[in-house]
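One structure is given here, and the rest of the page talks about it.
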Amino acid sequence: MKREKPPAKKDLLTWVIILIIAISAIATSGLMESDGFLPARDVQFERVRVLDINQERLTEDRNIEGVYTGFQELEIEVLTGTFEGNRMTVNNSIGRTYNVIAREGMTLIVSIVERDGELQSIVVYEYERRGAVYLLIGILFATLILVGRKKGMMSILSLLFTGILILFFLVPSLIRGYLPAFVGVVTAVLAISVNFYLLNGWSNKTYAAIAGTSLGVVLAGLMAFLAGSVGNLSGVHSPNAEQLMFIADETGLRINGMLFVTILISALGAVMDVGMSISSATFEISDRNPDLEKKELFRSAMNVGKDIIGTMTNTLILVFVGGMLGIIIITVAYGMPYIHFINSNMIAVEVTQALSGSIGLVLTVPISASIAVMMAKGSKIKQRRD
């Protein structure tokens, strides 16, 4: 007979993971409010309420509907920080790209420069959007629970764990100068293992999915590394490279390994989906027809995988295309020559990410199918012996 892990131990491990997630989630707010790894800044970002609009001169943009430019003089009350409770007047310059139009009673975010307890300057920075973000998160969580029930709850926990893992382990480790490839692989494997455990518990199906997905994600990263070496790409050519170089000057961040890590994290979700789908299908087919030979079972798993590959590859490619849609529009509008377009740093990085992730995703299918077949048939032989 198949020996299952005692339910009590499964429940204990699940509750331990939930406790870790809860503690880390509480600590996250403190981490986000801290000064970080760089030298302390004089700039503070605080919430203010608009009490009144003393003056306003706004003109609608002739070419972009709904966009206004001009000037506002605002009477505000500071709601947080050192100057909490203070009322003051602030000028709000409104342009095409810096477009924050205040209304009476609205809550805004301002940047405050303070030195020696004295206010040096205050500038309207952005709308406060926390409410909208939290509402959307609440709707997502409610939908997952209503539709998925227990599985939905486990999905929320796995999502929180992945976010906490990235925020508390991946990012600090990279900033401190640890080897990006090692940190990225550890992060990916931990995320895969805990996610699959929370959703499916420990079983041969889960082990096969973890192994296949981990190998697929690592292969995606290796493809990106090889493409980067051939195409002379690195983290220096990635978006926000200038800011990353500044951080590298002040910390131990290794920019050259950032492309590898970016590919791992970007492809993780899609590859996890494929790995678990193939593993689950393989074990289901094996359970339904235990007399299938390994070769026949592998062929069936691959047939399922071929159907998945098309849609998932499109999903991954379209995610990257959506991210660079603005660049594509600019390219077409300005009539950029193809040779300029295809050889530019930004395009090369985005294309490398999309293609490397897709290659890793496709290779996950035969890898996961092979591992799942071996484990499924191996468990059947063991059961017969027992």
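Restricted to region 179-237, and to residues there that are aromatic (Phe, Trp, Tyr) and within 29 Å of Gly252 (Cα to Cα), the residue that is farthest from the chain's Cα centre (by Cα) is Phe225. Selection of region 73-121 for residues being out of contact with any Leu (no Cβ under 9 Å at 6 or more places or on another chain), more than 21 Å from Thr59 (Cβ to Cβ) and not acidic (Asp, Glu) yields Val78, Leu79, Thr80, Gly81, Ile109, Val110, Ser111, Arg115, Gly117, Leu119, Gln120, Ser121. Highlighted here are the helices (runs of 4 or more DSSP H) found entirely within region 289-386 that include at least 3 residues which are under 18 Å from Met272 (Cβ atoms): 294-323, 345-385.
Set side by side, the residues Arg103, Arg96, Arg87 differ, and just one is basic (Lys, Arg) and either crowded, with 16+ Cβ neighbours inside 10 Å or modelled with pLDDT under 90 (or both), which is Arg96. Could you grab me the full set of residues in region 69-84 that are surrounded by 15 or more Cβ atoms within 10 Å (Cβ to Cβ) and aromatic (Phe, Trp, Tyr)? The answer is Phe83, and nothing else.
Taking the listed residues Met324, Met346, the one that is touching a residue at least 60 places away in the same chain (Cβ under 8 Å) and in the same structural domain as Leu215 (by TED's automatic domain parsing) is Met346, with no other qualifying.
Does any residue of region 285-304 turn out to be among the β-branched types (Val, Ile, Thr) and within 16 Å of Ala188 (Cα to Cα)? Show your work before the answer.
Quick first cut of region 285-304, residues among the β-branched types (Val, Ile, Thr) only: 285, 304.
Now narrow it down to the ones that are within 16 Å of Ala188 (Cα to Cα): none.
No.
For the residues Ala220, Ala248, Ala227, the requirement of being assigned to a helix (DSSP H, G or I) and either in contact with a His (Cβ under 6 Å, 6 or more places away or on another chain) or buried (at least 22 other Cβ atoms within 10 Å of the Cβ) (or both) singles out Ala220.
The values are calculated or read from the model by the stated rules, or taken from the named source; none is laboratory data. Bear in mind that the values here come from a model prediction, so they are computed numbers and not experimental data. So basically every Cβ, Gly included, is an ideal-geometry build from the backbone, and we count neighbours across all protein chains shown.
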